[in-house]
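Down below is the structure, laid out as structure tokens.
The values are calculated or read from the model by the stated rules, or taken from the named source; none is laboratory data. These figures come from a predicted structure and were not determined experimentally. Note: ideal-geometry Cβ built from the backbone for every residue, glycine included; neighbour counts use all protein chains shown.
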Amino acid sequence: MTTLAPDAEPACPGASDARRPENTNDAAPHGADLIVRRTAFGDIPRATWDRLTAANPWATPFSSWAFQRAWWDAYSGSAHDQTLIVSAAAGSAGGREAGEPVAIVPLMHRHEVEPSDAEQATKIRHADDLPLTVVPATAKAVFFGASYHADYATVLTSPDDLPAVAAAVVDHLASAGIDVDPGHPTPWDVVDLRRLRCGDPTAEVFATAFGAREMAEGWTLNLEREDVCPVVSLPRASFDDFLGTLDKKARHEIRRKIRRARSVGELRLTESTHPLADLDAFVELHQKKWGADGLFPSTPGGTASRVFIRRLFELCGGSGPIRLSFLTIGERRVAAGIHFETPDAWMFYNAGIDPDARDLSPGVLLMAELIRGALAAGARRFDFLRGDEPYKYEWGSVDEPIQRLLVRSEHVRSASEPRG
């Protein structure tokens with residue numbers, strides 16, 4: 001899939017701008033020609049899921065069936081599946097047959113904070129320095145599926161169908177709780193949709209659909225910045241030419257560290273041809289660097305993380321978008337990285353670093369070789385994904401915000417003070 005860059009994105013909300021979109025008084029498109037039904041993730045054919053993912057040019061590998069399946073296999077105990085299928089009704093216009101899937105809305109629900117979150121590492125996180133509208137910890141919240149680990153999320157449908165899909169989904173969510181989720185009939189307290197990219201029309205279109213019913217339903221609607229994803233725009237140039245575009249000090253330091261490593265031994269980044277066999281080596285490097293703060297400690301949360309990453313590689317297979325690579329200096333393996341590849345973007349997902357090799361700056365070298373590979377592959381973007389860690393900006397990254405669309409029911413509106 002091609003991952004769009006928000007070259008002409010609309011203005012995103014500021015860091016503390018929890019506001020109602022300007023056009024929420026507009027009438028939402030009519031969704032009467034569509035039927036929404038809650039469908040277990042496992043009952044949706046992979047081919048249907050991936051067809052609808054491909055229909056949305058803003059979809060990323062995080063929306064793929066493989067990523068979502070791996071997530072449910074690892075974390076199904078932490079949330080309840082609320083995946084929605086939107087299908088054509090009988091007699092629909094546009095040549096669709098009755099019952100033909102038009103959209104998938106990958107949702108789940110849980111309490112905003114669960115007692116097991118600390119042990120399982122399943123709390124939904126955002127940038128620490130961006131105050132978000134407060135939601136009570138006990139609120140029943142509807143999230144996008146896999147929100148703990150997905151850096152981007154969206155609705156799986158074509159842009160042409162999105163307005164009608166949004167109207168139908170909002171009508172569905174406004175219905176009685178038992179209609180939405182027979183197993184858990186308590187109505188939702190909040191719809192808390194995270195990881196929406198600026199430029200993806202999903203945020204504004206769904207805000208318009210929710211806004212059209214806001215007054216009648218007693219809801220409160222907020223659209224606010226959740227976090228940023230630093231992204232490097234890659235030129236069609238060599239790696240050396242790319243370095244020439246960076247800040248003079250950063251360019252000098254990167255070149256110096258590359259020369260120093262090459263004085264020790266050959267510097268190589270090698271993609272694993274057997275990632276399942278090599279995952280334990282990746283986990284070991286990751287834990288050597290981050291220990292108890294890493295993804296894979298000897299805890300229930302660490303066990304779930306191991307299941308998730310292994311299942312992700314199993315389900316993607318050799319032709320999928322996920323890659324595992326190892327950085328060596330001479331014969332010494334000093335770092336490893338996991339990234340996703342699309343036709344126009346490389347997305348850096350996670351890493352392992354040998355802290356005993358810190359004198360060789362393995363983190364800088366890993367980034368250098370990954371960006372070198374992205375340039376050689378013709379990628380136009382190198383996406384560091386969510387988080388504003390300082391090292392990402394040494395490579396010329398520019399922040400691309402992600403948004404949160406929050407809808408609060410009438411009885412939770414009082415919890416609106418932003419966190420400091």
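Can you tell me which residue in region 36-63 is surrounded by the most Cβ atoms within 10 Å (Cβ to Cβ), limited to those that are in a helix (DSSP H, G or I) and among the small types (Gly, Ala, Ser)?
Of region 36-63, the ones in a helix (DSSP H, G or I) are 41-43, 46-55, 61-63.
Add one more test, that the residue is among the small types (Gly, Ala, Ser), and what stays is 42, 47, 54-55, 63.
On the way: GLY42: 10, ALA47: 9, ALA54: 15, ALA55: 19, SER63: 28.
By that ranking, first place goes to SER63.
So the check is Cβ under 7 Å with 6+ separation or different chains; which pairs have a first residue in region 204-219 that's in the same structural domain as ARG408 (by TED's automatic domain parsing) and at positive phi and a second one that's of a type in the set (Asp, Glu) and surrounded by fewer than 21 Cβ atoms within 10 Å (Cβ to Cβ)?
GLY218/GLU410
Of the conditions (1) surrounded by 15 or more Cβ atoms within 10 Å (Cβ to Cβ); (2) modelled with pLDDT under 95, ALA66 satisfies every one except a single condition; which number is it?
Single failed check for ALA66: (2).
Is there a residue being aliphatic (A, V, I, L, M) and in contact with a Lys or Arg (Cβ under 9 Å, 6 or more places away or on another chain) anywhere in region 36-54?
Going residue by residue through region 36-54, those that are aliphatic (A, V, I, L, M) are 36, 40, 44, 47, 52, 54.
Next cut, in contact with a Lys or Arg (Cβ under 9 Å, 6 or more places away or on another chain) only: none.
Among the residues of region 36-54, not one is aliphatic (A, V, I, L, M) and in contact with a Lys or Arg (Cβ under 9 Å, 6 or more places away or on another chain), which makes the answer no.
Does ARG194 satisfy the condition of being over 20 Å from VAL86 (Cβ atoms), surrounded by 16 or more Cβ atoms within 10 Å (Cβ to Cβ), of a type in the set (Lys, Arg) and modelled with pLDDT of 95 or more?
Details: over 20 Å from VAL86 (Cβ atoms): yes; surrounded by 16 or more Cβ atoms within 10 Å (Cβ to Cβ): yes; of a type in the set (Lys, Arg): yes; modelled with pLDDT of 95 or more: yes.
Answer is yes for this residue.
Need the failing condition index for SER298 against (1) surrounded by fewer than 19 Cβ atoms within 10 Å (Cβ to Cβ); (2) modelled with pLDDT of 95 or more; (3) more than 18 Å from GLU394 (Cβ to Cβ), just the number.
Unmet condition: (2).
Out of GLU271, GLU266, report the one residue that is exposed (fewer than 14 other Cβ atoms within 10 Å of the Cβ), touching a residue at least 12 places away in the same chain (Cβ under 8 Å) and touching a Ser or Thr at 6+ places or on another chain (Cβ under 6 Å).
Values: GLU266 fails: touching a Ser or Thr at 6+ places or on another chain (Cβ under 6 Å).
It is GLU271.
Filter region 33-45 down to the residues that are of a type outside the set (Val, Ile, Thr) and in contact with a Leu (Cβ under 9 Å, 6 or more places away or on another chain) and list them by number.
First, the residues of region 33-45 that are of a type outside the set (Val, Ile, Thr): 33-34, 37-38, 40-43, 45.
Selection gives ARG37, ARG38.
Just to be sure before I move on: is VAL407 of a type in the set (A, V, I, L, M), in contact with a helix residue (DSSP H, G or I) (Cβ under 6 Å, 6 or more places away or on another chain), assigned to a strand (DSSP E or B) and not assigned by TED's automatic domain parsing to the domain that holds THR273 in the structure I sent?
Here the answer is yes, as VAL407 does meet what is asked.
What residue, among those in region 318-377 that are among the hydroxyl-bearing types (Ser, Thr, Tyr) and part of a strand (DSSP E or B), is surrounded by the fewest Cβ atoms within 10 Å (Cβ to Cβ)?
So the first thing to find is which residues in region 318-377 are among the hydroxyl-bearing types (Ser, Thr, Tyr), and the list is 319, 325, 328, 342, 349, 361.
Now narrow it down to the ones that are part of a strand (DSSP E or B): 325, 328, 349.
Numbers: SER325: 22, THR328: 17, TYR349: 21.
Per the stated criteria, the residue is THR328.
For region 203-240, give me the residue count where each residue is of a type in the set (Ser, Thr, Tyr), closer than 29 Å to ARG125 by Cβ and surrounded by fewer than 23 Cβ atoms within 10 Å (Cβ to Cβ).
Counting residues in region 203-240 that are of a type in the set (Ser, Thr, Tyr), closer than 29 Å to ARG125 by Cβ and surrounded by fewer than 23 Cβ atoms within 10 Å (Cβ to Cβ) gives 2.
Does THR245 qualify as being under 24 Å from ILE329 (Cα atoms) and either modelled with pLDDT under 95 or assigned by TED's automatic domain parsing to the domain that holds GLY318 (or both)?
When the stated conditions are applied, THR245 does not pass them.
So which helices (runs of 4 or more DSSP H) stay within region 88-191 end to end and still have 1 or more residues that are modelled with pLDDT under 80, surrounded by fewer than 20 Cβ atoms within 10 Å (Cβ to Cβ) and among the hydrophobic types (A, V, I, L, M, F, W, C)? Full working, then the answer.
On the way: elements: 117-120, 162-174, 177-180.
Those helices (runs of 4 or more DSSP H) span 117-120, 177-180.
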